[in-house]
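The structure under discussion appears below in the form of structure tokens.
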Amino acid sequence: MPRLDAKLDPLRLTAAGGASVDLGALAAGAPVVLALLEAEPEPGPRLDMLRELGRRLRGSGAQLVVVTPSESAIARTLEAEALALCMTDPAANAFSALGLVERGIGRVRRLGGVFVVDGGGVLRFAYVAQRDHEWVPCTFVLGRLQRLGIAAEAAGAETPGPSEPATHLIDDEEDGEVATLAGLVGAEMGLSPGDLKDLATAARFRDLGMATVPDEIITKLGPLTDEEWAVVRSHPERSTEMLGAGAAFDGARAIIRANHEHLDGTGYPNGLAGAEIPTGARILLVAESYVAMTEDRPYRNRLEAHAAIEQLEQRSGSVYDATAVAALARVLRRRHRSAAA
């Protein structure tokens, strides 16, 4: 992940007409939302998201700039609709400037993402795709712009304001570990590529709705009232709303909505039980619970890995899916052996 609030390295891109454009000059008059597409993707979620973002940013003072390695149908569509300025970056200069080039054996892997560069050429926000073709909801980008004081009018009243607690930002290391473990467990259980993609999306955006929970509830020291618990327990539904209505997110929304359901029906928000709970949601609950148990909290010390697994096993069949818990244990054993080798 690139370092935020840092001046970017000099960066020049090539406009469609062939002229070289300096990003610093481009951002001098207004913030730039830089959307990097690592390869020519299929039209779909990314095009829908960028189209919506361009429309919402139009007239706000912020400029959407889409950067692709070569000519792109998505870029051409957005430019034809006057929603974005489109650039090509065949030498991966943008990725180099942002510190996002991963060098493999004899190749450079591009990583897509969305970045906000302010008028001083300082990187203010970065969302990096962790997997091929992963993308980010427009509402999340708009919410971050609003919290930065950029394009607040464009973000609209329905976008969550600055009350999002730091413990629920999706680019935190802890949330990254949840997404990683959920993916490994899903693969261990033989999920299809499509189901793994839905699980990865759900893992990263499951707590968007926590932005709607007031700070006085998040930071309350005493027990919550029934009314306050109702607000907290509404966040899965709010997360699904914030993920957008596109069909491409149907699978992820189903997982997020059921992320806090328990096998015995004691979870929330809908009291689902047994087979009513999607497999991805069961996996995500196990991964999230394990990571929470093994991290320090203000009210308790973290557990060691074996103790956390024991707690998950003790509640298997009532709260947790036993197959997912067993798969997590196998994943962790392999990780431990690999680290010790």
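For Ile277, what charge total do you get from the other residues with a beta carbon under 12 Å from its beta carbon, if Lys and Arg give +1 and Asp and Glu give -1? Kindly include the intermediate steps, with their values, before the conclusion.
Working: positive: Arg257, Arg282; negative: Glu261, Asp264, Glu276, Asp321.
My count for the surroundings of Ile277 gives -2.
Using the charge dipole of region 166-340 (Lys, Arg: +1 at Cβ; Asp, Glu: -1 at Cβ; taken about the Cα centre), state which of Ala248, Met189, Val319 has its Cα farthest towards the positive end.
My answer, from the dipole projection, is Met189.
Please compute the length gained on full extension between Ala245 and Ile217, using 0.36 nm multiplied by the number of residues separating them and subtracting their Cα-Cα distance. Kindly include the intermediate steps, with their values, before the conclusion.
Details: separation 28, 0.36 × 28 = 10.08 nm, distance 2.82 nm.
Here the segment from Ala245 to Ile217 would lengthen by 7.3 nm.
Hey, with R₀ at 30 Å, roughly what FRET efficiency would Leu224 and Arg302 work out to, going by the Cβ-Cβ distance, to 0.05? Could the numbers behind the result be given before it?
Numbers: r = 23 Å, r/R0 = 0.77.
It comes to 0.85.
Check which residues have an amide H placed less than 5 Å from Leu303's amide H, if you skip close sequence neighbours.
Placed amide hydrogens put Thr294, Glu295 under 5 Å from Leu303.
Rule-based calculations on the coordinates, nothing more; no lab input. Predicted model only: the values in this text are computed from it and were never measured. Reconstructed Cβ throughout: ideal geometry from the backbone, glycine too, with neighbour counts over all protein chains shown.
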